[in-house]
1. Go through the range 39-124 and tell me which helices (runs of 4 or more DSSP H), entirely inside it, have 2 or more residues that are out of contact with any Asp or Glu (no Cβ under 7 Å at 6 or more places or on another chain) and in contact (Cβ under 8 Å) with a residue 24 or more places away in the chain.
2. Restricting the search to the range 7-22, which residues are surrounded by fewer than 17 Cβ atoms within 10 Å (Cβ to Cβ) and either part of a strand (DSSP E or B) or touching a residue at least 40 places away in the same chain (Cβ under 8 Å) (or both)?
3. Here are Ala48, Ala4: which of them is hydrophobic (A, V, I, L, M, F, W, C), surrounded by 18 or more Cβ atoms within 10 Å (Cβ to Cβ), within 25 Å of the chain's Cα centre (by Cα) and under 30 Å from Asp214 (Cβ atoms)?
4. Can you tell me which residue is nearest to Asp42 (Cα to Cα) among those in the range 66-80 that are surrounded by 15 or more Cβ atoms within 10 Å (Cβ to Cβ) and of a type outside the set (Ser, Thr, Tyr)?
5. Is there a residue in the range 21-33 that is over 22 Å from the mean Cα position of the chain (by Cα) and modelled with pLDDT under 90?
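The values are calculated or read from the model by the stated rules, or taken from the named source; none is laboratory data. All values derive from a computational prediction rather than experimental measurement. For neighbour counting, all protein chains shown are included, and Cβ atoms are generated from backbone atoms with ideal geometry for every residue, glycine included.
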Amino acid sequence: MINAILGIKKGMSQAWSEDGRRIPTTLIQAGPLVVTQIKAHDRDGYEAVQLGLGERKIKNISKAVLGHLKGATKGEKVAPRFLREIKQPAEDLKVGDEVKASDVISPGDLVKVIGISKGKGFAGVVRRYHFAGGPRTHGQSDRERAPGSIGQTTTPGRVYKGKRMAGRMGSDRVTIRNLVVLSVKDNGEVLLSGPVPGNKDSLVTITKIGQIKDFSPLVVRGQDIKPEELPPMEVEVEAEQAEAASAADSGEPKEEKKEE
């Protein structure tokens, strides 16, 4: 079985661990996945599995792509929206097979996520590379965000390649490593710890790279939290604040705790 799957980024939320720590999470829709092509070394020069994810109407697809997906769509009126290759040998898969996220990853796994970062458009050097800018005095009141000198003198007489200057920012292939799989549902919903690159509804690739030995599952999702389910530390703080408020109303001085 392959060790990577495709997914669509759905958004971010938060969750709590058993010891009360808040964990930022990202929800990924990783399914249903369908095998659309198997590449072999003797025919294609390398081994890979092409997976399809999402749905789009067949009327918007060219006949060449329809012919390529003939064995995978099974005569349905929809076809995969994304097609990507996983460069791994998979002798136990064939065209038309369905790959579930739970078959590849499970809670407690360490994964790396590859996606295309959000595009920021044309940006200057202050935003793009965190330049400090020029001084505000000595006749430079209008050059606070200017890059300054970009080259040397007669030697070398040119600007070196890779000089950091203003230009297009974002829309780069970004890899985030060592994210933890918090939960995997039967419908393909995968909950990861931390943020992943890309816009909402963008394609990401999730690859398993390890596993945590002592993994503790989450308690609740952020929107499902109830007052009685708060960690004990939070309850103690609220009780202490209520005690201080009642002492202030009664006019009695609150006893200060002596440090040992």
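1. Because the criterion is at least 2 residues that are out of contact with any Asp or Glu (no Cβ under 7 Å at 6 or more places or on another chain) and in contact (Cβ under 8 Å) with a residue 24 or more places away in the chain, the helices (runs of 4 or more DSSP H) in the range 39-124 that meet it are 70-73, 101-104.
2. The first filter runs over the range 7-22 and keeps only residues surrounded by fewer than 17 Cβ atoms within 10 Å (Cβ to Cβ), leaving 10-14, 17-22.
Once the filter is applied, which keeps residues that are surrounded by fewer than 17 Cβ atoms within 10 Å (Cβ to Cβ) and either part of a strand (DSSP E or B) or touching a residue at least 40 places away in the same chain (Cβ under 8 Å) (or both), the range 7-22 yields Lys10, Gly11, Met12, Ser13, Gln14, Ser17, Glu18, Asp19, Gly20, Arg22.
3. On the way: Ala48 fails: under 30 Å from Asp214 (Cβ atoms).
Testing whether each residue is hydrophobic (A, V, I, L, M, F, W, C), surrounded by 18 or more Cβ atoms within 10 Å (Cβ to Cβ), within 25 Å of the chain's Cα centre (by Cα) and under 30 Å from Asp214 (Cβ atoms) leaves just Ala4.
4. Filtering first and then ranking leaves His68.
5. So in the range 21-33, the residues over 22 Å from the mean Cα position of the chain (by Cα) come out as none.
No, the range 21-33 has no match at all.
Every residue, every condition in (1) under 30 Å from Asp103 (Cα atoms); (2) in contact with a Cys (Cβ under 7 Å, 6 or more places away or on another chain); (3) modelled with pLDDT of 95 or more; (4) assigned to a loop (DSSP other than H, G, I, E, B), yes or no:
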| residue | (1), (2), (3), (4) |
| --- | --- |
| Phe131 | no, no, no, yes |
| Arg136 | no, no, no, yes |
| Gln140 | no, no, no, yes |
| Arg145 | no, no, no, yes |
| Ile150 | no, no, no, yes |
| Lys161 | no, no, no, yes |
| Thr175 | yes, no, yes, no |
| Val180 | yes, no, no, no |
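Table: residues versus (1) more than 22 Å from Val34 (Cα to Cα); (2) among the small types (Gly, Ala, Ser).
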{"site": "Pro80", "(1), (2)": "no, no"}
{"site": "Leu93", "(1), (2)": "no, no"}
{"site": "Asp103", "(1), (2)": "no, no"}
{"site": "Gly119", "(1), (2)": "yes, yes"}
{"site": "Ile150", "(1), (2)": "yes, no"}
{"site": "Lys163", "(1), (2)": "yes, no"}
